[in-house]
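Working notes, beginning with the structure itself.
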Amino acid sequence: MRHSCFILLLNVLLISSCKKKDDEYRIIKYQLEKVLVDDQKYRAPVYNPQKQNPIDRNNLMIVTKIIDSLGWLGKDKIGNDANLALFVTIQHAGKLSVMEKYLPIMKEAVKRGNAERSQLAYLIDRVEILNNRKQIYGTQYSIDDKGKVFFKDIADSSHVNARRKSMNLGTIDEYIKMIDSDR
């Protein structure tokens, strides 16, 4: 009898603990979905840094607190949009030191299935460019005076499409078409 009471108590505690975790993830999911909306508020159609930068700083505080305390949460726990918010906030941090701090964490999250390889490629390239090195995957582009998309400093550009494929990205030509269609 004593053993079955103990098992019953253990199950009640376990269920209660799981419910608390689910509630915590639901709250985090809601916060991060708002972060994602706010991340895009003044970026399109024209980027307005005076309005967007304070929002980005606030988003960064929220996201780094979550990652620092719970790790890079996957879609299975917080959903697609909230998971995407983790990436875009780090990508838009505006501080190389922040991007470099969370890059290894994101690499590990990709290994565990908690982050997308394609997103990792963007962060890697952003860090490389900001460190005045050549980008690996050709995700960072500019637009010239005539409105033509171009890519600066791609390492071993003849093999970039193979590297892009390994990160679940389309070819450079497909990327250019997508950029052009978004403008």
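The values are calculated or read from the model by the stated rules, or taken from the named source; none is laboratory data. What you see is a predicted model; the values in this text were computed from it and never measured. Ideal geometry is used to build each Cβ from the backbone, glycine not excepted, and the neighbour counts take in all protein chains shown. These area figures cover heavy atoms from the full protein model, side chains too; ligands, DNA and RNA do not enter into them. Shrake-Rupley method; radii C 1.70, N 1.55, O 1.52, S 1.80 Å.
Annotations for the structure displayed:
- Pick from the stretch 134-154, criterion of a type in the set (A, V, I, L, M) and at pLDDT 95 or above, ranking: surrounded by the fewest Cβ atoms within 10 Å (Cβ to Cβ): Ile136
- Evaluation of Gln140 against (1) closer than 19 Å to Lys75 by Cβ; (2) touching a Lys or Arg at 6+ places or on another chain (Cβ under 7 Å) (one fails), failing number: (1)
- Being open to solvent by 20 Å² or more (accessible area, probe 1.4 Å) and more than 18 Å from Ile179 (Cα to Cα) is true of Val98.
- Residues being buried (at least 16 other Cβ atoms within 10 Å of the Cβ) and either in a helix (DSSP H, G or I) or among the acidic types (Asp, Glu) (or both) - total across the stretch 61-77: 6
- Subset of the stretch 78-87 that is of a type in the set (A, V, I, L, M, F, W, C) and buried (at least 21 other Cβ atoms within 10 Å of the Cβ) - its residue that is nearest to the chain's Cα centre (by Cα): Phe87
- Inside the stretch 58-111, residues that are out of contact with any helix residue (DSSP H, G or I) (no Cβ under 8 Å at 6 or more places or on another chain), in contact (Cβ under 8 Å) with a residue 12 or more places away in the chain and hydrophobic (A, V, I, L, M, F, W, C) make up a count of 1.
- For the stretch 31-52, taking the residues that are over 16 Å from the mean Cα position of the chain (by Cα) and open to solvent by 80 Å² or more (accessible area, probe 1.4 Å), the one that is farthest from Asp76 (Cα to Cα) is identified as Gln50.
- Residue satisfying all of: in the stretch 155-166; part of a helix (DSSP H, G or I) and of a type in the set (Gly, Ala, Ser); surrounded by the most Cβ atoms within 10 Å (Cβ to Cβ) among these: Ser157
- Identity of the residue in the stretch 110-133, basic (Lys, Arg) and in a helix (DSSP H, G or I), that ends up most open to solvent (accessible area, probe 1.4 Å): Lys111
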